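The values are calculated or read from the model by the stated rules, or taken from the named source; none is laboratory data. Because the structure is a prediction, the values reported are computed rather than measured. Neighbour counts are summed over all protein chains in view; Cβ atoms, including those assigned to glycine, are modelled from backbone coordinates with ideal geometry. Side chains are part of the model used for accessible areas, which takes the heavy atoms of the whole protein and leaves out ligands, DNA and RNA. Shrake-Rupley method; radii C 1.70, N 1.55, O 1.52, S 1.80 Å.
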Amino acid sequence: DYVDGDSRYAKSKFKHIKTTDALKVWSIKEYRNLIRMHRVNIPCPKPFYCTDHTLVMSMICCKNTNSGVPALQLKESKLSPQRLRHAFIHVAVAMRSMYQRAKLVHGDLSEFNVLYVGGKIRPIILIDVGQAVDLSHPKHIDYLRRDCTTILGYFMRKSKKLNVSLGLPSVEELLMYVIMEYNDEKDESLTYEQIDQLSLKRMKKLLSP
């Protein structure tokens, strides 16, 4: 469904091709998705090239450095309530940027597909976007709602474990935050960083005290 429903691959007959050919299509799809994301400044690995079933991309290091130590999955990261809330806000902003600028829905977003690198500006990186679908996909809103449900479920469980409230929005509130268009973000003079700052402020307002 992730491939055949995407208008970019409508003629691929993905369900009926050989496994080796399917792997090539999947690799190319992830490569193209990463290019779209990277071009519009969404936190993700930088794609270098794709050949056959092999995709080469930048390594995401711990604390956003070139230390050679791979960054941890969000699931593996032990965060304080403040950093957990900060991480959620930036995941939400990345989801919105992915939808509004790259015209993509992740489709499998969870604590396993988000890397935590820390820092104030870009603390998270989205990965594993082979299944991400173009907004032409007839199920893209269903996939987005599932992403919202999954990621909120993770942060709710973590906040409960820490015995704190992060003031998280509902699934529908997060969904609307991602898909709603705002005129101030359409100003062509704004940089992507400035647009993300507007999105960040909106999410902070949406959170309960």
Looking at the stretch 34-72, which of its residues are of a type in the set (Ser, Thr, Tyr), in contact with a strand residue (DSSP E or B) (Cβ under 9 Å, 6 or more places away or on another chain) and open to solvent by less than 80 Å² (accessible area, probe 1.4 Å)? SER58, SER67
All but one of (1) closer than 22 Å to LEU166 by Cβ; (2) out of contact with any strand residue (DSSP E or B) (no Cβ under 6 Å at 6 or more places or on another chain); (3) in a loop (DSSP other than H, G, I, E, B); (4) modelled with pLDDT of 95 or more hold for ARG96, so report the exception by its number. (3)
Can you spot a residue in the stretch 108-129 that is outside any loop (DSSP other than H, G, I, E, B), more than 28 Å from LEU23 (Cα to Cα), of a type in the set (Val, Ile, Thr) and modelled with pLDDT of 95 or more? no
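Scan the stretch 7-31 residue by residue and report those that are at pLDDT 75 or above, part of a helix (DSSP H, G or I), surrounded by fewer than 19 Cβ atoms within 10 Å (Cβ to Cβ) and basic (Lys, Arg). Even if it seems obvious, please write down each step before you answer.
If we filter the stretch 7-31 for residues that are at pLDDT 75 or above, which is where we start, we get 18-31.
So of that shortlist, the ones also part of a helix (DSSP H, G or I) come out as 19-31.
So of that shortlist, the ones also surrounded by fewer than 19 Cβ atoms within 10 Å (Cβ to Cβ) come out as 19-27.
LYS24 - this is the single residue of the stretch 7-31 that is at pLDDT 75 or above, part of a helix (DSSP H, G or I), surrounded by fewer than 19 Cβ atoms within 10 Å (Cβ to Cβ) and basic (Lys, Arg).
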For the stretch 65-92, what are the residues that are within 19 Å of ASP128 (Cβ to Cβ) and in a loop (DSSP other than H, G, I, E, B)? ALA71, SER77
Which residue pairs have Cβ atoms closer than 8 Å, lie 6 or more positions apart in sequence or on different chains, and pair a first residue in the stretch 193-209 that is under 10 Å from LEU168 (Cα atoms) with a second residue that is open to solvent by 50 Å² or more (accessible area, probe 1.4 Å) and assigned to a helix (DSSP H, G or I)? LEU206/GLU173; LEU207/ARG85
